[in-house]
Amino acid sequence: MTIQQLINTLEQKVQQLQHTYSSRLEEKIFTKFDRTLFSESRQTVAFYFAEINKTLEKIKSLDLTEINYYLFMTNHLLKQCHALSETLSRKNNRFIERQSQTSLLKKAHHDIHKLPPRERLEKYYEALEQLNHLYQQQRDLIRTETLPENQQKAIRLAEGYKHRRQKCQEAIELLEEYLAFKEEQNSKNNSEK
């Protein structure tokens with residue numbers, strides 16, 4: 001591969017990466033990057049792409065005799081792209097994971113009401129355990145999140161999970177009372193026979 005082909009390949013990879021995350025350019029990243037990769041941390045996605053493009057331009061302007069410097073700068077560019085891509089995809093995966101957990105809970109909630117009381121009680125306990133887990137996740141996120149709007153979102157979600165957890169606990173208590181009553185009724189009916 002010639003140096004020009006290498007530069008063209010790098011340019012295409014950078015463009016693909018920018019295209020992938022083009023809708024998130026104004027998003028601020030709170031990951032602390034290595035100072036050798038980016039000049040500043042806690043900047044927008046657009047800022048990091050500008051720095052990646054500066055590195056690419058520097059590679060394009062190098063003298064053909066500076067092969068070792070080409071290798072060094074190419075490696076630097078790849079590390080920049082990898083660090084940014086890794087951070088953005090990790091953030092994206094957390095969001096998708098939270099969304100799918102919430103939708104699974106909603107679906108399970110509707111199906112539970114069709115079950116017989118004993119099975120429903122088991123499902124309620126499972127749902128309560130899941131809600132406790134989700135509530136704790138949001139509480140942890142509130143403590144670690146530095147961006148105020150993300151912190152507020154985590155607080156709202158935590159409150160929602162707390163409320164749903166309380167409703168689930170009430171449903172468990174009600175169902176247990178109902179099952180105890182039915183058990184008592186069955187015992188009376190059996191003793192009368």
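The values are calculated or read from the model by the stated rules, or taken from the named source; none is laboratory data. The shown structure was predicted, so the numbers you read here are calculated from the model rather than taken from an experiment. Note: ideal-geometry Cβ built from the backbone for every residue, glycine included; neighbour counts use all protein chains shown. Side chains included, ligands, DNA and RNA excluded: accessible areas come from the protein's heavy atoms. Shrake-Rupley method; radii C 1.70, N 1.55, O 1.52, S 1.80 Å.
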- Message: With a 1.4 Å probe and all protein chains left in place, how much of the accessible area of the range 3-97 comes from carbon and sulfur atoms, in whole percent?
- Response: 53
- Item | Average accessible area per residue (Å²) across the range 3-97 - probe 1.4 Å, nucleic acids and ligands excluded | 62
- Note on the structure: The value for the chain (convex hull of the alpha-carbon atoms, volume per residue, Å³) is 153
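Note down the magnitude of the dipole of the range 3-97 about its Cα centre, charges +1 on Lys and Arg C-beta and -1 on Asp and Glu C-beta and zero elsewhere, to the nearest 20 debye.
Dipole magnitude for the range 3-97 comes out near 320 debye.
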- Message: Rounded to the nearest angstrom and ordered from largest down, what semi-axes does the equivalent ellipsoid of the range 3-97 get from its C-alpha gyration tensor (root of 5λ)?
- Response: 26, 14, 11
- Which one of Met73, Ile52, Gln5 is farthest out on the positive end of the charge dipole of the range 3-97, using unit charges on Cβ (Lys, Arg +1; Asp, Glu -1) and the Cα centre as origin? Ile52
- Message: Would you report the distance distribution of C-alpha pairs in the range 111-192 as whole percents per 5 angstrom bin, up to the bin with the largest distance?
- Response: 3, 15, 18, 16, 12, 10, 9, 6, 5, 3, 2, 1, 1, 0
- Segment Gln169-His82, extension gain: residue separation times 0.36 nm, minus the distance between their alpha carbons: 26.8 nm
- Item | Structure-based [θ]222 nm, the chain - -39500 (n - 2.57) summed over DSSP H runs of at least 4, per residue, nearest 500 | -28500 deg cm²/dmol
